[in-house]
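Here the structure is laid out as structure tokens; the discussion comes afterwards.
The values are calculated or read from the model by the stated rules, or taken from the named source; none is laboratory data. What you see is a predicted model; the values in this text were computed from it and never measured. Ideal geometry is used to build each Cβ from the backbone, glycine not excepted, and the neighbour counts take in all protein chains shown. Note: accessible area is taken over every heavy atom of the protein model, side chains too, but ligands, DNA and RNA are not part of it. Shrake-Rupley method; radii C 1.70, N 1.55, O 1.52, S 1.80 Å.
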Amino acid sequence: MKAPTFSIITITFNAASTLESTLQSVAAQQETDYEYLLVDGASSDGTVALARQYDCVTSIVSEPDQGLYDAMNKGIQRAKGEYLLFLNAGDSLYAPDTLKNISGFIEKYRPDILYGETAIVDSSRHFVSMRRLKAPEKLTWKSFRMGMLVCHQAFIARRELVPMYDLSYRFSADFDWCIRCLKKAHSVVNTHLTLVNYLNEGVTTRHRNASLKERYRIMVKYYGVIPVLLLHLWFALRYYAARLLGRQL
């Protein structure tokens, strides 16, 4: 049998309060050439029962894990699709034609990686803003010296290309993973589309300081101590200059 174009992977743990909008966004897709894998960490709040109500869900595994990125690795191991799309509980595909539009780029370019923009929504699913960091016109592994320029959920990679997540990082393994994917990629396509709605209450948001420290370590690993230190000094100067100008205005 032909493998599906997409493997959509959602990681859950006691996510019954936020999961339904995610499930609904997948069920509403005009493009149906996908498998939808739900990897659950042995939830006790009805998460799995909710997922079983949706025919769009292809596979559910519910068992203890070592955290978010361990569960993502399980999803990679189970995936059969040509491209991987991670969609966290509470996040959603931007519109019913999102997968259809991405498929058009795949048919035209057959890229290793596709990416796009991210809209931020609140717990009531109301639009808050576009993501502060706009996706660059061209994306390479060196682009991430400037931070997580593309949201993980708006970063779609060919399955045969992707590595496993490094479990030594608790909060920013996705940052490291995206860099490693880009280092292996030969073709990267900017869709110029908004691809996902991101719920602004994720694990990384709740552990922002720890996440930033991990990202600094990752940046040093790939880009070197001195360049990263100088970049962060520039970030700090830019931040305080903006605050000073704001007070003067």
Six or more apart or on different chains, Cβ under 7 Å: which pairs go from a residue in segment 226-249 that's part of a helix (DSSP H, G or I) to one that's modelled with pLDDT of 70 or more and hydrophobic (A, V, I, L, M, F, W, C)? Could you list them?
-> Val228/Met219; Val228/Val220
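Given the options Met130, Met219, Met164, name the one that is open to solvent by less than 20 Å² (accessible area, probe 1.4 Å) and touching a residue at least 60 places away in the same chain (Cβ under 8 Å). Step through it out loud before you land on a result.
On the way: Met130 fails: open to solvent by less than 20 Å² (accessible area, probe 1.4 Å); Met164 fails: open to solvent by less than 20 Å² (accessible area, probe 1.4 Å).
After applying the criteria, what remains is Met219.
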So which residues in segment 96-127 are within 21 Å of Leu161 (Cβ to Cβ) and part of a strand (DSSP E or B), if there are any at all?
-> Ile113, Leu114, Tyr115, Gly116
Check Thr10, Thr18, Thr22, Thr32 and return the single one that is in contact (Cβ under 8 Å) with a residue 40 or more places away in the chain, among the β-branched types (Val, Ile, Thr) and open to solvent by 20 Å² or more (accessible area, probe 1.4 Å).
-> Thr18
Take Arg170 and decide whether it is charged (D, E, K, R) and modelled with pLDDT of 85 or more.
-> yes
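Conditions tested, residue by residue: (1) part of a loop (DSSP other than H, G, I, E, B); (2) within 14 Å of the chain's Cα centre (by Cα).
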residue: Gln153; (1), (2): no, yes
residue: Glu160; (1), (2): no, no
residue: Pro163; (1), (2): yes, no
residue: Ser168; (1), (2): yes, no
residue: Phe175; (1), (2): no, yes
residue: Ile179; (1), (2): no, yes
residue: His186; (1), (2): yes, no
residue: Thr191; (1), (2): no, no
residue: Tyr198; (1), (2): no, yes
Within segment 167-190, of all residues that are under 16 Å from Tyr109 (Cβ atoms) and small (Gly, Ala, Ser), the one most open to solvent (accessible area, probe 1.4 Å) is Ser187
Residues of segment 80-95 being open to solvent by less than 10 Å² (accessible area, probe 1.4 Å) and in a loop (DSSP other than H, G, I, E, B), which ones?
-> Gly81, Leu87, Gly90
Taking segment 43-79, which residues are open to solvent by less than 50 Å² (accessible area, probe 1.4 Å) and assigned to a helix (DSSP H, G or I)?
-> Thr47, Val48, Leu50, Ala51, Tyr69, Asp70, Ala71, Met72, Asn73, Lys74, Gly75, Ile76
Consider Ser123 against the criteria (1) of a type in the set (Ser, Thr, Tyr); (2) surrounded by 19 or more Cβ atoms within 10 Å (Cβ to Cβ); (3) in contact (Cβ under 8 Å) with a residue 60 or more places away in the chain: it satisfies all of them except one. Which criterion is unmet?
-> (2)
